[in-house]
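Following: one structure in structure tokens, then a few remarks.
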């Protein structure tokens, strides 16, 4: 297989991991949304914002330690800042759609709220996938990755206890 198919496999694997974390985050978001909506008197969009914030925290942990665990780990403050910035944009997309449906069109039943919450999450997820992989969880540049691997191997060689090789026998 050529270099292109290895890149395709890598992106498919990344999308699958992103989807697994995102799917779990979706469940967290919808469960928290419905719990807050039915257990409190908060308006629908406020309940949704609370649920989205809980899902954002859940997703960061999943993305950092599962989906993108092999990505650059230097600059965690910058990473977290960018993650929060793009997550807030996603929050606005997600809840803007719910707001428009609820207050613009009067679609406020439990089923309608869940449908538009789900649609908003879907659209925001496309934005988040692009922004997280492009700006937040960057791949290590190839030179740095090779240098890192080489230094790891050199350290392993220096710390390994080397046993002398058995003498070679001559074949006559």
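Quick notes
- All alpha carbon pair distances within the range 23-92 were sorted into 10 Å bins beginning at 0; the resulting P(r) in whole percents reads 20, 45, 25, 9, 1.
- When the convex hull of its Cα atoms is projected in every direction, mean area for the range 8-142 (nm²): 8.4
- Listed peptides 68-77, 95-104, 113-122 by packing density, highest first (mean Cβ within 10 Å): 113-122, 95-104, 68-77
- Rounded FRET efficiency, nearest 0.05, which uses the C-beta distance separating residue 61 from residue 10 and R0 of 22 Å: 0.45
Values in this text are rule-based calculations from the coordinates and carry no lab data. For clarity, every value in this text was computed on a predicted model and none was experimentally measured. Neighbour counts run over all protein chains shown; Cβ positions are idealised from the backbone, glycine included.
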